[in-house]
Amino acid sequence: MNIIVCVKRVPDSGTRVRVTGDGRGIDTSGVKYVVNPYDEFAVEEAIQIREERGEGQVTALCLGPDEAEEQLRNALAMGADDAVLLEAEPPMDGLTVARELAAELEDRDFDLLLFGKQAIDDDNMQVPPMVAEILGLPCATVVVDLDVEDGRAVARREVEGGHEMVELELPAVVSTQKGLNEPRYADLKGIMAAKKKPLEKKEVELAEASTELLSMREPEEGTDGEIVGEGAEAAPELARRLHEEAKVL
Amino acid sequence: MSDVLAYAELRGSQLRGVARETVTGARRLADELGGDVHVVSVGPPGSGEEVASLADYGADRIFTAEDGEFGAYHPDALVRAFQYLADQEEYAAILFPASARGKDLAPRVAARLGRGLATEITDLEVEDGEPVVTRPTYADKAYARVGFTESPALMSIRPNVFIPEESQGSGEHEELEVDADPVRTRVSPVETSEEGKLDVAEASQVVSGGRGMQGPDNWSLLEDLVDALGPGTALGASRAVVDAGWRPHAEQVGQTGKVVSPNLYVAVGISGAIQHLAGMRTSNVIVAINKDPEAPIFDVADYGIIGDLFEVVPELTEEIRKIRGDGG
Ligand SMILES: Cc1cc2nc3c(=O)[nH]c(=O)nc-3n(C[C@H](O)[C@H](O)[C@H](O)COP(=O)(O)OP(=O)(O)OC[C@H]3O[C@@H](n4cnc5c(N)ncnc54)[C@H](O)[C@@H]3O)c2cc1C
């Protein structure tokens with residue numbers, strides 16, 4: 001079984017996000033980069049499937065800058081077998097990314113293509129279903145449980161107030177959600193081994209984007225919020241203000 | 001080219017609340033562009049009737065496809081329906097709800113049409129005759145204004161941001177033929193975890209509890225408050241309490257949980273860590289109850305009470321009951 005896992009290099013979730021003076025992006029100075037946390041579930045799932053079956057190849061694929069080699073090495077240290085870096089600054093436009101990944105994937109032979117459910121920088125949640133659509137493959141997103149059998153997979157996905165089951169014939173695309181597994185930490189042996197695993201770099205030219213980032217801004221800071229009072233005595237006043245002033249009751 | 005197409009999301013044959021929000025967003029956009037609102041649904045036999053009621057929210061043309069195979073989510077048929085309509089009509093924009101299904105479907109349609117998509121928008125304008133949207137990025141820590149290079153512009157709208165507004169559309173109902181086959185992705189009907197339980201992401205009022213609640217047995221305190229606030233209210237939770245196993249992950253609000261934007265958000269015993277704020281800061285009115293006056297939740301709260309939640313919450317519940325006139 002061949003499994004390809006897409007991983008993205010993103011700022012750590014604890015990053016203080018500051019928009020640059022020109023409003024065109026975020027200030028990346030001092031930012032610590034990590035493997036997108038949702039992608040770790042995808043990498044872990046791929047490795048577990050390979051381990052359970054006792055055969056197969058796990059390839060990590062990333063569209064990112066040269067520095068994204070670090071995140072691919074992380075995936076290799078967790079247990080992926082080889083890696084491919086499509087070198088380009090990833091745009092915010094989901095369709096551009098999906099097209100680029102699909103172009104690479106078209107010529108590859110795989111049974112399962114895994115992604116995290118969303119990247120925590122652009123929060124697009126677009127690329128997995130887009131790649132599936134472009135390649136004409138079945139797809140399940142936000143998956144918390146995955147059963148892979150010969151030639152097919154059954155995925156359980158989270159929806160409002162419940163779940164739905166999705167049947168997929170392989171090859172298929174799945175995006176993973178927290179709850180699917182517990183991603184392992186790479187141990188020293190893994191980290192050492194990762195240094196020697198094959199990692200191919202290819203420069204790519206991105207197509208013109210279908211959306212345009214016009215500007216960025218930070219959320220309005222704070223509120224003119226106020227402390228209504230202290231202790232239970234303040235409750236009637238709070239209720240009155242919610243009713244008369246905020247009109248939410 | 002000024003018409004706008006909206007996706008009417010169904011669960012079974014029931015119209016979901018977000019469908020009215022999507023049509024309201026579409027109406028706003030169509031009014032500014034001087035166009036009509038079209039609505040499309042793909043559902044089981046009989047579902048078209050309810051979808052037709054969206055005329056009351058401004059739908060001018062309503063396309064409904066019915067088939068026994070459409071009782072559950074059917075992404076392949078939906079993509080075919082959108083492609084058919086986009087080929088027939090020239091749309092300025094296509095709107096989806098940013099629901100679980102909407103976020104699964106919209107990218108498929110975008111890729112099929114080869115058009116750009118903006119996810120989970122919180123605002124919508126027209127500039128030089130073109131749609132321009134605002135959407136959160138970096139877990140709501142930065143907002144992006146996004147334009148589109150070609151029409152139709154595809155977008156999914158964050159639940160609870162476009163509050164449904166009644167507006168009479170001409171409501172012409174047309175049946176649409178959509179093939180159920182071939183099926184690439186086969187989805188079974190939704191299994192609800194608790195019958196009719198409202199999801200925190202779609203509630204219009206949310207009461208969230210944090211570690212300050214001290215244990216799962218104390219949640220009846222918050223359930224009473226939810227009850228007092230009436231229909232449309234759901235429970236939420238911080239990650240600390242989900243990790244402790246006090247509450248299910250489905251209730252978690254924040255960066256690794258759900259993003260909520262209710263009319264009222266009450267944070268009880270929640271410190272307000274940046275990852276929690278990421279999931280609720282766009283709420284309309286935020287109330288914080290915390291014994292620590294330095295808790296960062298007070299920085300985003302519109303109203304706060306400093307005090308012991310075990311004393312404040314029952315009193316607040318009581319007062320709200322009085323105001324809402326049910327009991328007390
Ligand atoms: C990658 C990452 C992702 C994360 N994602 C999320 C997420 O999605 N959602 C999320 O919520 N967190 C998330 N977190 C965790 C977050 O950083 C905080 O640890 C968490 O939100 C804290 O939960 P809390 O406010 O309930 O607990 P605490 O921070 O322990 O706060 C408890 C609060 O209760 C108050 N309190 C205690 N007793 C009482 C009382 N009797 N009366 C009144 N007040 C009282 C205290 O003053 C305190 O402010 C994430 C963290 C990381 C690193």
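The table for this structure:
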{"item": "Sorted largest first, extent of segment B:200-324 alpha carbons per principal axis (Å)", "result": "36, 29, 29"}
{"item": "Long-range amide H partners of A:R152 with built H, under 5 Å", "result": "A:L170"}
{"item": "Expected 222 nm ellipticity per residue - DSSP helices of 4 or more, -39500 (n - 2.57), all of the protein assembly as shown, to 500", "result": "-8000 deg cm²/dmol"}
{"item": "Residue exposure sequence - B:D60, A:D22 - by fewest surrounding Cβ within 10 Å", "result": "A:D22, B:D60"}
{"item": "Net +/- balance of residues flanking B:D243 in space, Cβ distance below 13 Å, scoring K and R +1, D and E -1", "result": "+2"}
{"item": "Residue exposure sequence - B:F310, B:F148 - by fewest surrounding Cβ within 10 Å", "result": "B:F310, B:F148"}
{"item": "Segment B:56-94 residues near the modelled B:E165 label - backbone nitrogen below 17 Å, point 7 Å along Cα→Cβ", "result": "B:56-60"}
{"item": "Shielding by partners, peptide B:4-11 (average Cβ within 10 angstrom, other chains)", "result": "1"}
{"item": "Cα pair distances in segment B:59-144, grouped into 10 Å bins until the bin that holds the longest one, percent each", "result": "13, 42, 34, 10, 1"}
{"item": "Shielding by other protein chains, A:153-160, mean Cβ within 10 Å", "result": "6"}
{"item": "Amide H contacts of B:G236 (H built 1.01 Å from N, under 5 Å, at least 5 apart or other chain)", "result": "B:V207, B:S208, B:G209"}
{"item": "For q = 0.09, 0.10, 0.17, 0.19 Å⁻¹, Debye-computed log10 I/I(0) when each Cα of segment A:2-203 counts as one equal scatterer", "result": "-0.32, -0.39, -1.16, -1.45"}
{"item": "Estimated distance in nm for a label pair at B:K197 and B:D308, the labels positioned 7 Å out from Cα along Cα-to-Cβ", "result": "3.1"}
{"item": "Proxy reagent accessibility, fewest Cβ within 10 Å first, across B:L5, A:L242, A:L214", "result": "A:L214, A:L242, B:L5"}
{"item": "Computed FRET value (nearest 0.05) for B:D179 with A:E237, which takes r as the C-beta separation and R₀ as 56 Å", "result": "0.40"}
{"item": "Size descriptor, Kirkwood hydrodynamic radius, that averages inverse alpha-carbon separations across segment B:75-194, Å", "result": "16.1"}
{"item": "For the protein assembly as shown, Kirkwood radius (reciprocal of mean inverse C-alpha pair distance, Å)", "result": "24.5"}
{"item": "Principal axis dimensions, largest first and in whole angstrom, of segment A:81-129 by Cα", "result": "28, 21, 19"}
{"item": "B:E89/B:Q14 FRET efficiency (R0 25 Å; Cβ-Cβ; nearest 0.05)", "result": "0.40"}
{"item": "Segment A:142-236 - Rg (one decimal) and Dmax (whole number), Cα, Å", "result": "24.2, 67"}
{"item": "FRET efficiency, B:E150 to A:T28 (Cβ-Cβ, R0 30 Å, nearest 0.05)", "result": "0.50"}
{"item": "³J(HN,Hα) computed for each position of segment A:236-249 - Karplus, 6.51 cos²θ - 1.76 cosθ + 1.60, integer Hz, glycine/proline x", "result": "x, 5, 4, 4, 4, 5, 5, 7, 8, 8, 7, 6, 10, 9"}
{"item": "Cα-Cα P(r), chain B, percent of pairs per 20 Å interval", "result": "31, 52, 17, 0"}
{"item": "Antiparallel bridges, percent of DSSP beta bridges restricted to chain A (to nearest 5)", "result": "40"}
{"item": "Among A:V19, A:V228, A:V142: highest mean-square fluctuation, GNM of chain A, C-alpha pairs under 10 Å", "result": "A:V228"}
{"item": "Averaged over B:295-306, number of beta-carbon atoms from partner chains that fall within 10 Å", "result": "6"}
{"item": "Peptides ranked, highest mean first, by Cβ atoms within 10 Å: ranges B:154-166, A:78-90", "result": "B:154-166, A:78-90"}
{"item": "Reduced Cα scattering model of segment B:1-134, Debye log10 I(q)/I(0), q = 0.18 Å⁻¹", "result": "-0.95"}
{"item": "5 angstrom amide H check on A:M125, placed H, neighbours 5+ away", "result": "A:A119"}
{"item": "Packing-based order for B:117-129, A:120-132, using average beta carbon neighbours within 10 Å, highest first", "result": "A:120-132, B:117-129"}
{"item": "Phi-based couplings in Hz for segment A:18-23 (Karplus 6.51, -1.76, 1.60; Gly and Pro marked x)", "result": "10, 7, 5, x, 7, x"}
{"item": "Gained length - A:I227 relative to A:E212, 0.36 nm times residue gap less alpha-carbon distance", "result": "1.3 nm"}
{"item": "Per-selection metrics, segment A:1-119 (Cα): Rg and Dmax in Å", "result": "15.0, 53"}
{"item": "Cα gyration tensor of segment A:79-171 - equivalent ellipsoid semi-axes, whole Å, descending", "result": "23, 18, 12"}
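Rule-based calculations on the coordinates, nothing more; no lab input. Predicted model, so just to flag it, every value in this text is computed and none were measured. Note: ideal-geometry Cβ built from the backbone for every residue, glycine included; neighbour counts use all protein chains shown.
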